[in-house]
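Down below is the structure, laid out as structure tokens.
The values are calculated or read from the model by the stated rules, or taken from the named source; none is laboratory data. Fair warning: this is a prediction, and the values are worked out from it, not measured in the lab. Using ideal geometry, Cβ is built from the backbone for each residue, glycine included, and neighbour counts are taken over all protein chains shown. Accessible surface is based on the protein model in full, side chains and every heavy atom, while ligands, DNA and RNA are left aside. Shrake-Rupley method; radii C 1.70, N 1.55, O 1.52, S 1.80 Å.
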Amino acid sequence: MKQKKSAKPIAAGSGGRRPEVAGWREESPALPILLLVLAGLQMVFALAMYLVAQAFIWQFALVFFLLSAGGAAASFFLFSRFRGAAVTLRIVSYLVALAPALLILATTLPMFMQGQEQGYTVDDWQYVQSILVVLVCSQGLAGLLAALPIMAANARSRNAFDLITLRIFSFVALMGVIATMAYPMQSGALGADGAYSGTVYALCLLLLICVLGLLIVSLVTRSSREHRQEQPAADKQK
């Protein structure tokens, strides 16, 4: 009788799939490149959308673009070569992503405190709230979107930490883009009532597609074996 060939063992961390099926997610060179392309495109669409909507002046947009492009370029050439550079670039990406929103909250908080002391009317509170929402959905979200190319460049190393960071911030950015389409644009506070309202919506839709694609590709991409600390259960019992 012919003996049946034994099935190949399933590698640990492969999610129950054969190594030849799941391996491309940690070895394909196309996935990190796709992350960079999507991150770069969403930044271009974001800046174009904000400029057309007149959310801020071009000099301010240029600052975000230079921070994004410069950080991504530095990460591309230095991240995997120097440990200190990797730590610095991670910190820079967090600052670019979070600093604008935190500064906006810090500057608008006194307005809320003043309103409590002076007894703002309902219209006054709605005005302050609309200012806060528009600022967060423009300058605040622009900082977060500008950080994504840096994080995508950091994730080229396929380090699990950097991939998880990219996934988290991509998801937050996606929610921010959806919120921008749902409130500031619908209310006319962010370019919806202008002469270029159709262009603003088209650019925002392209931005949404790119950020969604970035999130999906980051979820598909797996950390490389040298960065993954996984052992078979049999080895742990030895």
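Checked against (1) modelled with pLDDT under 85; (2) more than 18 Å from LEU31 (Cβ to Cβ), ALA179 passes all but condition (1). Looking at LEU62, LEU109, LEU105, LEU66, just one residue is part of a helix (DSSP H, G or I) and at pLDDT 90 or above, and that residue is LEU66. Just one of the numbered conditions (1) open to solvent by less than 30 Å² (accessible area, probe 1.4 Å); (2) touching a residue at least 12 places away in the same chain (Cβ under 8 Å) is not true of ALA85: (2).
Entry remark, the stretch 27-44: residues being open to solvent by 70 Å² or more (accessible area, probe 1.4 Å), assigned to a helix (DSSP H, G or I) and modelled with pLDDT under 90 number 1 in total. Screening LEU141, LEU98 for residues that are open to solvent by 20 Å² or more (accessible area, probe 1.4 Å) and hydrophobic (A, V, I, L, M, F, W, C) leaves exactly one candidate, LEU98.
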